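The values are calculated or read from the model by the stated rules, or taken from the named source; none is laboratory data. Since we're looking at a predicted model, the values are computed, not measured. Cβ sites come from the backbone with ideal geometry, for glycine too, and all protein chains shown count toward neighbours. Just so you know, the surface numbers come from the protein's heavy atoms only, side chains and all, with ligands and any DNA or RNA stripped out. Shrake-Rupley method; radii C 1.70, N 1.55, O 1.52, S 1.80 Å.
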2 protein chains.
Amino acid sequence: MTYCVGIKLNAGLVFLSDSRTNAGVDNISTFRKMIVYERRGDRFMVLLSAGNLSISQSVRELLQVEALREDPESDPITIWNATSMFDAARVLGETVRHVYDRDADALKNAGVEFNVNLIFGGQIRGEGMRLFQVYSAGNFIEATPETPYFQVGEYKYGKPVLDRVITPDTALDEAAKCALVSMDSTMKSNLSVGPPLDLVVYEANRFETDRIVCIDMHNPYYRMVHTSWGQKLREVFDSLEDPVWDDAHTDIPLMPIDGNTKPLKKITRPEEKLI
Amino acid sequence: MTYCVGIKLNAGLVFLSDSRTNAGVDNISTFRKMIVYERRGDRFMVLLSAGNLSISQSVRELLQVEALREDPESDPITIWNATSMFDAARVLGETVRHVYDRDADALKNAGVEFNVNLIFGGQIRGEGMRLFQVYSAGNFIEATPETPYFQVGEYKYGKPVLDRVITPDTALDEAAKCALVSMDSTMKSNLSVGPPLDLVVYEANRFETDRIVCIDMHNPYYRMVHTSWGQKLREVFDSLEDPVWDDAHTDIPLMPIDGNTKPLKKITRPEEKLI
């Protein structure tokens with residue numbers, strides 16, 4: 001499987017991807033799922049991919065040369081000459097449809113669904129940063145201040161911490177930390193998501209970045225996050241009071257038990273029991 | 001959707017279920033998903049159900065009267081005369097198949113999958129406690145010390161805390177707390193899992209329980225768990241150091257960037273940066 005997350009903040013963009021691919025649990029491989037398109041001073045874009053690897057690799061390959069030809073009078077649009085990230089996302093969507101036209105019938109004949117999920121974000125000189133999620137049909141949605149991040153692949157285990165932490169005002173390195181915690185939770189619960197991890201942090205209006213890192217399990221920062229998060233979660237859990245059972249019955253009936261409704265207890269907090 | 005969890009500990013059993021059912025987000029209802037079968041001093045059993053509500057309601061109704069007739073010479077086995085939880089689970093599996101025989105074809109014609117997932121646990125005098133997960137085909141698996149819990153329904157959001165906390169030695173009320181934290185994480189991330197919650201705690205070798213409670217969102221204990229867990233998770237997150245970017249390059253190449261491989265940075269912990 002795969003887990004990728006892209007986050008759009010006022011301060012910049014954060015992208016993180018794992019690199020484990022599997023065709024069944026007996027066939028696990030390492031493939032990088034992040035690609036960076038950069039022309040210094042002009043544009044900076046990152047693509048993260050989940051889904052069928054043959055599709056996402058084709059999309060990445062073709063995206064560099066794909067052109068959107070809408071109007072025979074004007075030049076075709078590519079990701080390298082697009083004047084907005086919206087147009088660049090349209091080129092990406094078109095690339096997905098191009099691969100669909102080429103491969104979908106043959107995949108269907110083999111019983112394989114045409115499945116690809118992409119996160120595409122960045123900044124082109126002249127406008128602000130933008131972040132998109134592109135679907136198998138080539139359609140796409142854009143992140144907003146209310147929902148400033150996208151996930152593709154195995155998203156559930158890593159979603160709660162993003163929901164608790166990320167807002168547009170979150171600092172870049174704090175968001176990078178949050179993405180790594182989110183990835184760590186995912187890797188703990190789903191063996192088909194695995195290292196090394198690719199992390200890119202982009203600062204707004206720079207049109208390039210030098211904060212690109214490949215993180216393996218020996219990375220001291222990742223090791224600290226992994227160990228401390230687990231230990232401290234356990235400490236938080238232990239710090240919550242256990243429930244106390246109270247003899248006062250509540251009025252809400254449980255399901256009939258052996259034909260009869262049984263009176264219920266209440267659970268309360270310890271100090272309330274003492275009152 | 002649904003979320004139910006059953007936990008088997010040395011000290012007893014814990015069962016927790018939500019009560020939200022939906023047929024699309026525009027059709028949400030409340031149905032209890034827990035039923036207790038108890039004959040004091042003789043047997044205590046709990047059934048939790050997820051999946052198609054018409055199937056699980058039929059299973060619950062028929063389970064009280066279903067009989068396994070294997071040998072025409074001997075009396076049929078029911079959950080009320082079974083001498084082991086294994087036999088009681090076989091009766092439950094047979095009940096699922098009974099409903100399958102009755103409904104599956106008609107459901108298939110309507111494009112509905114025959115989908116039911118059950119957790120069934122308890123104790124019958126003469127043997128220890130046992131906990132089973134029963135599938136749509138009526139087959140089942142049993143919990144072991146290595147995997148002392150089962151979940152059905154929306155299991156992913158609530159799984160990490162169970163994995164971190166639950167072992168066979170966990171105390172009963174601590175496991176109840178853990179189940180409630182697990183449920184709280186699930187309700188936070190999936191709107192189709194919702195209150196009220198049914199919680200049963202069974203102490204080993206009692207063959208009855210008085211720790212049965214229906215918890216709504218006004219319950220002071222649940223409110224404390226909900227609020228404190230969220231606040232303290234955030235405090236733990238804030239207590240982890242942010243990454244620090246180091247100019248030392250690593251050797252692992254990222255994907256080619258605009259045709260060239262870009263040198264990578266390292267991220268380190270703050271104190272290592274200072275060295």
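Tabulated data for the structure shown
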| read-out | value |
| --- | --- |
| Loop-located GluC sites (Glu not before Pro) in region B:1-104, at most 12 other Cβ atoms within 10 Å (DSSP) | B:Glu70, B:Glu73 |
| Mean separation of Cα contacts under 8 Å (6+ apart) over length of region B:1-84, as relative contact order % | 19 |
| Sparse-neighbourhood loop sites, GluC sites (Glu not before Pro) in region A:117-208 - DSSP loop, at most 14 other Cβ within 10 angstrom | A:Glu127, A:Glu146 |
| Gaussian network model of chain B, springs between alpha carbon atoms under 10 Å - residue of B:Ala176, B:Ala89, B:Ala106 with greatest fluctuation | B:Ala106 |
| Label spacing, shortest first and in nm, from B:Arg234 to its equivalents in the remaining copies (7 angstrom along Cα→Cβ) | 2.6 |
| Loop trypsin sites (Lys or Arg not before Pro), region B:45-153, which have at most 13 other Cβ atoms in a 10 Å radius of their Cβ (DSSP) | B:Arg69, B:Arg125 |
| Gain upon complete extension [A:Glu208, A:Ser228; 0.36 nm per residue less C-alpha separation] | 4.0 nm |
| Pairwise label distance in nanometres, B:Phe31 with B:Glu127, each label 7 Å out on the Cα-Cβ vector | 3.0 |
| Per-selection Kirkwood Rh - chain B (Cα, Å, 1 d.p.) | 21.1 |
| Protein-only accessible surface order, largest first, of A:Thr2, B:Thr83 at 1.4 Å | B:Thr83, A:Thr2 |
| Modelled FRET efficiency - R0 30 Å, B:Asn139 with B:His218, Cβ distances, 0.05 increments | 0.15 |
| Distance between modelled label sites at B:Ala171 and B:Leu191, nm, 7 Å Cα→Cβ extension | 3.9 |
| For region A:126-240, the Rg and Dmax computed from alpha carbons only, in angstrom | 15.7, 52 |
| Test item: B:213-225 mean partner chain Cβ contacts at 10 Å | 5 |
| Restraint check, A:Lys232/B:Lys232; A:Lys8/A:Lys177; A:Lys159/B:Lys33; A:Lys8/B:Lys156, Cα-Cα greater than 19 Å | A:Lys159/B:Lys33; A:Lys8/B:Lys156 |
| Debye-sum result for region A:1-69 in log10 I(q)/I(0), which assumes one identical scatterer on each alpha carbon, at q = 0.17 Å⁻¹ | -0.74 |
| Anisotropy class of region A:115-185 from Cα gyration tensor, a/c 1.5 cut | oblate |
| For region B:1-136, convex hull volume per residue from C-alpha positions, Å³ | 105 |
| Fluctuation leader among B:Pro196, B:Pro72, B:Pro145 - chain B, Gaussian network, Cα springs under 10 angstrom | B:Pro72 |
| Axial C-alpha extent at least 27 Å, average Kyte-Doolittle at least -1.0 - helices from chain A (DSSP) | A:85-109, A:220-239 |
| Value of [θ]222 nm, deg cm²/dmol, for the protein assembly as shown, DSSP H segments ≥ 4, -39500 (n - 2.57) each, nearest 500 | -10000 deg cm²/dmol |
| Per-q log10 I(q)/I(0), the protein assembly as shown, q = 0.06, 0.07, 0.11 Å⁻¹ (Debye; single scatterer per alpha-carbon; no solvent) | -0.37, -0.49, -1.03 |
| Solvent-accessible surface ranking, highest first, for B:His218, B:His226 at 1.4 angstrom | B:His218, B:His226 |
| Estimated FRET transfer efficiency when R0 is 35 angstrom, pair B:Gln57-B:Glu146 (beta carbons, to 0.05) | 0.60 |
| Whole-number D in µm²/s for region B:42-104 (Stokes-Einstein; Kirkwood sum over Cα pairs; 10 °C, 1.306 mPa s) | 130 |
| Closest Cβ on chain B to the rotation axis that carries it onto A (distance rounded to whole Å) | B:Lys156, 2 |
| Label-point separation, A:Glu235 to B:Asp75 (7 Å along Cα→Cβ), nm | 5.8 |
| Two-site FRET efficiency, A:Val244 against A:Leu107, from Cβ-Cβ distance with R₀ of 51 Å, rounded to 0.05 | 0.35 |
| Extension gain, B:Arg39 back to B:Thr83 (0.36 nm per residue minus Cα-Cα distance, nm) | 14.5 nm |
| Calculated diffusion of region B:48-198, Stokes-Einstein form, Kirkwood radius summed over Cα pairs, 37 °C and 0.692 mPa s, µm²/s | 193 |
